[in-house]
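I have placed the structure first, in the form of structure tokens, so that the comments after it can refer back to it.
None of the figures in this text is laboratory data; all of them are computed from the coordinates on show. Predicted model, so just to flag it, every value in this text is computed and none were measured. Heads up, the Cβs are rebuilt from the backbone with ideal geometry, glycines too, and the neighbour counts pull from every protein chain shown.
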Amino acid sequence: MMTEAEVYEFDLNGLIVYRNMIPPEDVARMNELIDADQGGEFPQSFSFLHLDPLFMNLMAHPKTLDVMRTIIGDWMRLDHTYGLQMTNGSEVRENLHGGLRADQGEHQYQWAYNRMWNGLIVVMYALEDVGAGDGGFVGVLGSHKASINTYKPPLDSPLVTNPALKAGDMLIFTEALVHGTVRWKSTQRRRSLLYKYSPGYSTWAKAENLETYMDMAQSDLQRDLLRPPYVGTRTPLDFPEV
């Protein structure tokens with residue numbers, strides 16, 4: 001489970017970074033698989049879960065699930081996945097979005113009964129280094145608890161942060177955080193894998209989209225993460241040891 005210091009950091013900022021989550025040899029292999037699948041193309045958004053068991057194993061990474069257990073709870077599921085990549089020549093609609101939503105509860109954050117309650121959570125793994133100021137992901141720390149939802153700061157505001165990551169690092173943030181994308185400035189490419197998790201009772205994407213991956217699951221844990229949302233008679237995950 002998350003330490004008290006980690007819970008404090010996530011509650012305060014709406015995001016947290018864990019270092020060295022993917023070994024360098026797995027990062028290299030994942031990049032090889034993605035490059036081969038794209039065959040010289042470079043789509044800014046791509047699918048990857050089907051490419052190799054490495055990606056299914058990452059979905060059920062013991063440390064990640066241990067953190068998700070604190071953030072979401074025992075009844076949790078994979079909601080959807082996709083990859084993002086950019087070069088400094090990529091066309092980007094720079095923006096901030098997200099934040100607390102009034103029309104549905106999937107983008108939520110609250111503290112009650114001495115614990116946090118979240119909706120959709122993003123787990124983003126960097127497959128390439130992201131230096132300070134390189135661009136890509138940006139967020140407004142603490143905005144998941146803001147009382148004003150009609151205002152978003154300009155992208156050049158000091159309130160907007162661009163976290164630095166090394167290949168293999170993991171950044172977790174709540175969709176209730178105001179976040180977005182800015183132009184990629186580095187001469188190296190950006191490439192990230194996004195796994196989004198939901199409480200077991202809810203879904204953002206169409207739940208049936210995950211059915212195609214069920215045959216690829218290699219364990220009961222992976223199959224349980226791919227279950228559709230429901231509450232009645234649902235059993236918690238059998239969380240792996242960390």
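Brief remarks on what is shown
- In summary, the lysines within cross-link reach of residue 152, defined as a Cα separation below 30 angstrom excluding same-chain residues under 8 places away, comprise 166, 185, 196, 206.
- Those aspartates and glutamates that a straight Cα-Cα span of less than 12 Å connects to residue 145, excepting residues fewer than 8 apart in one chain: 11, 175
- Report summary: the helix-based calculation at 222 nm, which adds -39500 (n - 2.57) for every DSSP H run with n ≥ 4 and divides by the residues of the chain, gives -5500 deg cm²/dmol.
- Taking label points 7 Å from Cα along the Cα-to-Cβ direction, residue 238 and residue 148 give a separation of 5.1 nm.
- Inter-label distance for residue 35 and residue 74, nm, one decimal - labels placed 7 Å from Cα along Cα-to-Cβ: 4.5 nm
- The charge dipole of the range 114-242, taken about its Cα centre with unit charges on the Cβ of Lys, Arg, Asp and Glu (plus for the first two, minus for the last two), comes to roughly 460 debye.
- Mean separation of Cα contacts under 8 Å (6+ apart) over length of the chain, as relative contact order %: 31 percent
- Charge dipole magnitude, Cβ of K and R +1, D and E -1 - the range 1-102, Cα centre, debye nearest 20: 240 debye
- Summing Cβ point charges (Lys, Arg +1; Asp, Glu -1) relative to the Cα centre of the chain gives a dipole of roughly 600 debye.
- Options 90, 71, 113, ranked by Cα towards positive dipole end of the chain, top entry (Cβ charges): 113
- Positive-end ranking of 218, 204, 193 along the dipole of the range 183-224, with charges on Cβ about the Cα centre, is headed by 193.
- For the range 66-122, relative contact order (Cα pairs under 8 Å, six or more residues apart, normalised by length) works out to 31 percent.
- Taking other residues whose beta carbon is less than 12 angstrom from the beta carbon of residue 108, and scoring Lys, Arg as +1 and Asp, Glu as -1, yields -1.
- Environment charge of residue 190, counting only residues whose C-beta is closer than 15 Å and scoring Lys/Arg +1, Asp/Glu -1: -2
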